[in-house]
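For reference, the structure is listed below as structure tokens.
The values are calculated or read from the model by the stated rules, or taken from the named source; none is laboratory data. Small disclaimer: the values here were computed from a predicted structure and weren't measured. Virtual Cβ from ideal backbone geometry, glycine too; neighbours counted across all protein chains shown. Accessible surface areas use protein heavy atoms only, side chains included; no ligands, DNA or RNA. Shrake-Rupley method; radii C 1.70, N 1.55, O 1.52, S 1.80 Å.
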Amino acid sequence: MRVIGIKSTYQLRSANRREGMSNRQADDTSQPTENSLLLFQASAADFKKIPGNPISYWVSQRAVTLFASGRYLSDISSPRQGLATSDDQRFLRLWHEVSINDCALTTSEDNKEDRALKKWIPFVKGGAVRRWYGNNEFIINWENDGSEVKEHAESLYGSVTRTIKNMQFYFKEMIAWSLISSGMPSFRWQNSGQIFGHKGPGLFSTSNLDLRNAIGFLNSKVTSYLLSFTSQSLSYEVGAIQKLPVLEALPEVDSITLIDIAARDWDSYESSWDFSNLPLLDTDFWQPSLYRTYQKFRSHWHKRTQEMQCLEEENNRIFIDAYGLQDELTSDVPLNEITLTCNPHYRYGNDKSEEELEALLLADTMRELISYAVGCMFGRYSLDEPGLILANQGETIEDYLKQIPEPSFMPDAQNVIPMMEGEWFTDNINIRFREFLRTTFGEAHFKENLAFVEQALGKDIRKYFLRDFYSDHVRRYKKRPIYWLFSSPKGSFNALIYMHRYQPHTVGTVLEYLRDFKDEKLKARKDHLEAVSISAGTSQGDKTRALKEIEKINKILAELDDYERDVLYPLATEQVEIDLDDGVKANYPKFGEALKKIPGLS
């Protein structure tokens with residue numbers, strides 16, 4: 001029996017891209033218009049040779065032969081579905097939300113004792129399309145061997161193992177992937193020491209399988225091609241991975257280098273718990289000129305991306321040859337499929353010009369410099385020591401100085417940094433950023449370096465902090481910000497705090513800044529303007545401008561009087577307590593109208 005299948009050219013292109021072809025190759029398979037149809041003929045008997053008997057009428061004879069061999073990945077490995085908490089909001093956190101000392105983030109066999117003492121354990125949860133390494137963001141409450149998670153499961157279902165599956169595989173090294181993905185399948189190396197979830201399933205080694213060769217196979221075009229027949233939806237279920245046909249022995253490939261490049265890229269950003277220093281400030285790239293530093297660093301990124309592309313293409317070639325799929329596939333890997341954050345083609349998409357991509361990458365790199373600078377202002381990071389410095393609940397400047405006795409850049413002592421339109425305070429955030437830039441790159445090129453930052457951002461540094469910084473921070477930390485913005489209704493007063501350093505008296509300190517701004521600085525300015533407006537020696541134009549500014553100040557004072565009376569003062573007297581273990585979503589709303597509104601949090 002023959003089956004005739006009909007596909008539009010649009011559908012064929014989509015299928016071809018999932019099979020690992022480049023956009024150009026996918027387009028070349030169909031010269032007709034988008035609405036034209038292509039016809040395929042296939043034997044229904046062939047469908048029975050593919051696991052699940054899908055009607056994959058475009059399947060090649062070579063692919064049918066591979067599936068018919070009867071040797072599957074599940075025969076030599078253990079692909080498994082992981083834990084479902086049944087209440088992620090209760091049991092999961094992004095790693096940056098809690099105290100770092102309560103986390104066992106060292107992912108290796110050596111951290112067994114550490115895990116037993118800590119509340120939070122790394123949790124693999126799928127995530128965006130990213131190959132080889134990354135997406136390590138979540139942690140799970142596994143205190144007392146997960147007793148609370150297990151009790152919750154038993155209370156709901158009468159059984160722990162219904163949702164807490166395959167516990168014998170917890171904490172073992174594995175290959176993870178995202179269960180649901182709208183893009184190409186992507187497999188990532190996970191060191192031992194993590195628990196895997198049902199949306200971040202894992203493949204585990206056996207005596208017959210080296211995971212390093214397996215990840216090369218899984219991230220090759222061969223796997224994308226084979227999955228196009230068995231996983232025609234948006235999900236890559238464990239069953240589909242189990243039924244991938246494998247050879248008697250998988251070829252040996254250089255996956256270690258691919259994993260290492262991807263890991264170095266992932267760890268270059270604050271989203272990684274292994275982030276240690278901003279790479280832009282590394283001595284290998286540093287020049288007194290920030291422009292020259294960036295050019296040197298950008299060249300390094302470009303070389304890394306090219307190296308990754310060459311290695312992935314070689315990996316594809318090895319598996320295409322081994323599987324005999326030379327007539328179906330090529331080894332080419334387009335730049336937008338090199339899943340490194342430093343690669344603008346992947347990060348921003350392939351629908352932009354090179355000039356646009358470079359401008360986006362430069363702007364984001366300057367935003368990352370600013371974010372790191374703010375981290376140094378609060379003592380989360382230091383220019384003198386790698387890694388996190390202050391990242392536990394209620395830590396103070398004294399805790400910082402115990403670790404960094406003579407800092408080259410001093411963090412804020414009170415954990416309050418004003419972020420105002422005018423430079424009303426000597427510790428205003430834009431003034432402190434200038435100080436940071438001088439400290440890191442020197443005085444000689446300061447004006448040039450500041451101009452380079454502002455040109456990349458498309459605005460001066462004060463406007464960036466007022467208009468964009470906080471939204472960038474909220475986005476960077478996935479709507480679980482670690483810096484919180486106290487802001488009056490119209491934004492006339494703004495001050496940042498670092499939630500890990502928060503103490504019940506912190507709101508009182510913010511209140512002191514507000515009163516100083518309102519009762520001392522603004523009123524002094526108003527008194528001066530009133531004197532100007534009635535002075536006989538003042539021109540009419542200056543008098544008019546003075547009166548307009550007085551009117552503006554009066555409106556600001558009215559706004560700030562209301563903010564102090566109705567919001568900030570009552571909150572300061574309340575002495576609000578927070579618990580970082582509860583997460584940002586539980587703690588942020590405790591401050592109500594005092595904080596900048598964030599959809600989903602406020």
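Looking only at segment 428-442, count every residue that is open to solvent by less than 30 Å² (accessible area, probe 1.4 Å) and closer than 28 Å to Phe493 by Cβ and tell me the total.
7
Going through Ile404, Ile417, Ile461 one at a time, which residue ends up being modelled with pLDDT of 95 or more and closer than 20 Å to Trp484 by Cβ?
Sole residue among the options that is modelled with pLDDT of 95 or more and closer than 20 Å to Trp484 by Cβ: Ile417.
Might you check whether a residue that is open to solvent by 20 Å² or more (accessible area, probe 1.4 Å), among the polar types (S, T, N, Q), within 29 Å of Cys103 (Cα to Cα) and in contact with a Lys or Arg (Cβ under 8 Å, 6 or more places away or on another chain) occurs anywhere in segment 368-387?
no
Give segment 320-359 a look and list any residue that's open to solvent by less than 20 Å² (accessible area, probe 1.4 Å) and part of a loop (DSSP other than H, G, I, E, B), or say none.
Within segment 320-359, Leu325, Leu329, Val333, Ile338, Thr339, Leu340, Cys342, Asn343 meet the criteria.
Looking at (1) surrounded by 21 or more Cβ atoms within 10 Å (Cβ to Cβ); (2) free of Cβ contacts under 8 Å to residues at least 60 places away in the same chain, find the lone condition where Ile404 falls short.
Among (1) surrounded by 21 or more Cβ atoms within 10 Å (Cβ to Cβ); (2) free of Cβ contacts under 8 Å to residues at least 60 places away in the same chain, the lone unmet condition for Ile404 is (1).
Counting only residues that are assigned to a loop (DSSP other than H, G, I, E, B) and either in contact with a helix residue (DSSP H, G or I) (Cβ under 7 Å, 6 or more places away or on another chain) or at pLDDT 95 or above (or both), how many does segment 426-442 have?
Residues in segment 426-442 being assigned to a loop (DSSP other than H, G, I, E, B) and either in contact with a helix residue (DSSP H, G or I) (Cβ under 7 Å, 6 or more places away or on another chain) or at pLDDT 95 or above (or both): 2 in total.
Residues in segment 261-268: is at least one under 27 Å from the mean Cα position of the chain (by Cα), surrounded by 17 or more Cβ atoms within 10 Å (Cβ to Cβ) and modelled with pLDDT under 95?
So far as segment 261-268 goes, no, none of its residues is under 27 Å from the mean Cα position of the chain (by Cα), surrounded by 17 or more Cβ atoms within 10 Å (Cβ to Cβ) and modelled with pLDDT under 95.
So, of the residues in segment 126-179 that are outside any helix (DSSP H, G or I) and among the β-branched types (Val, Ile, Thr), which turns out to be most open to solvent (accessible area, probe 1.4 Å)?
Thr161
Pick out, from segment 29-124, the strands (runs of 3 or more DSSP E) lying fully within it that include 2 or more residues that are modelled with pLDDT under 90 and in contact with a Lys or Arg (Cβ under 6 Å, 6 or more places away or on another chain).
Hits in segment 29-124: 37-43.
Could you identify the single residue in Ile195, Ile241 that is touching a strand residue (DSSP E or B) at 6+ places or on another chain (Cβ under 6 Å), closer than 17 Å to Ser74 by Cβ and crowded, with 16+ Cβ neighbours inside 10 Å?
Ile241
Within segment 339-352, is there a residue that is over 27 Å from Phe452 (Cβ atoms), under 17 Å from the mean Cα position of the chain (by Cα) and at pLDDT 95 or above?
Checked against the condition, which is being over 27 Å from Phe452 (Cβ atoms), under 17 Å from the mean Cα position of the chain (by Cα) and at pLDDT 95 or above, segment 339-352 yields at least one hit.
What pairs can you find where one residue is in segment 372-394 and under 17 Å from His473 (Cβ atoms) and without any contact (Cβ under 8 Å) to a residue 40 or more places away in the chain, the other is open to solvent by 10 Å² or more (accessible area, probe 1.4 Å) and of a type in the set (Ser, Thr, Tyr), and their Cβ atoms are less than 8 Å apart, with a gap of 6+ or different chains?
none
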